[in-house]
2 protein chains.
Amino acid sequence: MTKIQDLDKLDKEILSILMKDAKIPYTDIAKQLFVSGGTVHVRMKKLEDLGVVKGSRLEVDATKLGYDITSFIGIFLERSNLYHKVIEEVKLIPEVVSAYYTTGNYSIFAKVCCKDTMHLRELLSERIQAIEGIQRTETLIALEESINRPITLTKD
Amino acid sequence: MTKIQDLDKLDKEILSILMKDAKIPYTDIAKQLFVSGGTVHVRMKKLEDLGVVKGSRLEVDATKLGYDITSFIGIFLERSNLYHKVIEEVKLIPEVVSAYYTTGNYSIFAKVCCKDTMHLRELLSERIQAIEGIQRTETLIALEESINRPITLTKD
DNA sequence: GTTGAAAAATTCCGCCG
DNA sequence: CGGCGGAATTTTTCAAC
């Protein structure tokens, strides 16, 4: 398993820059960090090969695309060993953008994006509650997204 | 306010491709969608100007960077009108990657990334619980990230 | 880690339907 | 006006040092 010890300050500085904006040219980063463009390229190649970098994504404004309701759904299972079976069903629902197996109140915790309240209601009653093994769910509706940012890497 | 009516099928197809991988060259997208590279460029410029595209981010494997514990923290406020004041304090904590104002059990719902359980314990007791206006918190630890993907845009 | 040169992509602009 | 095509500029990529 690969760990931090393989990463030096330069690797982390490159990552910090690209985590905020993946489209910054390597040549710009090279200038900022006083190394050559080739070096940035080699480091990124290494980080990709190590699996530290998994890819890049465009950040979009869900509201402007018509997805007005972001909500979190806490799922209670009938038995906790149903987790894998249930998560496979959840994966088939495109509105689910993330899902975690968690300790605490819920067994599964998912984030979903819906167009409006009707869409959310249908999703809950017809798609999620319909999954075998789910006992009940609790929904938290996000009224405002106050923070959404990448991890801050420490310098050392 | 800008809405979907300004976006046609081509815009959405471009977005769908880039939401999965922001580094795909515009020329490749142009080939896939049978338009010129210039057109993809113009559309993306429009989408950025409209604020539909907010930026791009590198996806990293937090575990490989030494952040082993992802958890969700539900925050109960003493009074709900303390929201803005509290969220400003929460913003100052770098381990918090997202936070939402929510309906339901909690007033604020945050996601945090910590290096280990000790780091999480310190964060909770010394940084979060120390914020004035927070009554109590509930923590859900994510044992496994099963799904993490962009919204699926519908074709129409 | 660096350099430099070839290949590719971005970006801009004039032209056309 | 939106889309196309080509040319100038930048960036990526890769070999040799």
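Summary table
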{"read-out": "Quotient of C-alpha Rg and 2.2 N^0.38 Å, computed over the protein assembly as shown", "value": "1.05"}
{"read-out": "Residue exposure sequence - A:MET118, A:MET19 - by fewest surrounding Cβ within 10 Å", "value": "A:MET118, A:MET19"}
{"read-out": "Per-residue mean of C-beta atoms belonging to partner chains within 10 Å, peptide A:47-55", "value": "4"}
{"read-out": "Pairwise centroid distance, computed over Cα atoms, of region B:82-130 with region A:11-45, Å", "value": "30"}
{"read-out": "Shortest-first nm distances, B:GLN129 label point to equivalent points in other copies (7 Å, Cα→Cβ)", "value": "3.8"}
{"read-out": "Out-of-range pairs (alpha-carbon distance over 22 Å; input A:LYS20/B:LYS115; A:LYS54/B:LYS115; A:LYS31/B:LYS115; A:LYS115/B:LYS45)", "value": "A:LYS31/B:LYS115; A:LYS115/B:LYS45"}
{"read-out": "Teacher prompt: A:GLN32 distances to equivalent labels in other copies, 7 Å Cα→Cβ, nm", "value": "2.7"}
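None of the figures in this text is laboratory data; all of them are computed from the coordinates on show. Not measured: the values here are computed from a predicted model. Reconstructed Cβ throughout: ideal geometry from the backbone, glycine too, with neighbour counts over all protein chains shown.
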